[in-house]
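The values are calculated or read from the model by the stated rules, or taken from the named source; none is laboratory data. All of these numbers come straight from a predicted model, not from anything done at the bench. Counting neighbours? That spans all protein chains shown, and the Cβs are built from the backbone with ideal geometry, glycine included. Just so you know, the surface numbers come from the protein's heavy atoms only, side chains and all, with ligands and any DNA or RNA stripped out. Shrake-Rupley method; radii C 1.70, N 1.55, O 1.52, S 1.80 Å.
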Amino acid sequence: MAKKSRRKRPCCICRKWFLPDVRQKGRQKTCGPDCQNELHRRQCADWNKKNKAYFKNNYLGKKLEKATGSKTVPDSSKTSLPPQTKPVLPIEIITTEYGIKPAIIVQYLVTQIINQTRARPTGFT
Ligand SMILES: [Zn+2]
C-alpha cells in the first residue's frame, strides 16, 4: 500500500524538504511553526488586499448607521457627532448645512486623502 501522505514535500515558504505529520493527511504545506506563521501572515495580507474595499464600505456604512440611528434618541439638542481625530473640520457647520450623513462622508474622505498622502514618501526624486 502506498503511503501517499507520508512523503517528503517542499515547504511552500522556505522550500526545504520536510516530512509532513501523518495526522495532517497531506494538508500540511509548511515545515514548521515558523513557516506556518509566515504562510498565515501572507494569506492574511492577501485577503486584506482583496477585501480592502469591503472593509472601507463597511466602515463608512456603520458610521452612517450609527449617526442616523442615534437620531431616534429624544435628546435632539446634541446630535452625537463622531469624535474627530486628525483632520479637525468645521463639522458642526457641515452638519447644519448638509446634515449628519454628508458630514461623516466628508470627514471620511478627508481622512482617506490624508492617509494617502502620508503613505507616500516625502521629497522630490
Ligand atoms: Zn519552511
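With all protein chains present, calculate the accessible area of Val106 using a 1.4 Å probe and round the result to the nearest 10 Å².
Ignoring ligands and nucleic acids, Val106 comes out at about 60 Å².
Rounded to whole Hz and in sequence order, give me ³J(HN,Hα) for region 29-44 from the Karplus expression 6.51 cos²θ - 1.76 cosθ + 1.60, θ = phi - 60°, writing x for Gly and Pro.
Ordered by residue, 3J(HN,Hα) equals 10, 10, 7, x, x, 5, 5, 5, 4, 5, 4, 4, 4, 5, 5, 5 Hz.
Can you list residues whose amide H is under 5 Å from Phe18's amide H, if they're 5+ apart or on another chain and H is modeled 1.01 Å from N?
Correct list: Arg9, Cys11.
Given 0.36 nm per residue, what is the gain on full extension from Gln36 to Cys12 after removing their alpha carbon distance, in nm?
7.7 nm
Between Glu92 and Trp47, what FRET efficiency follows from the Cβ-Cβ distance if R0 is 30 Å, with the result rounded to 0.05?
That pair, Glu92 with Trp47, gives E of 0.20.
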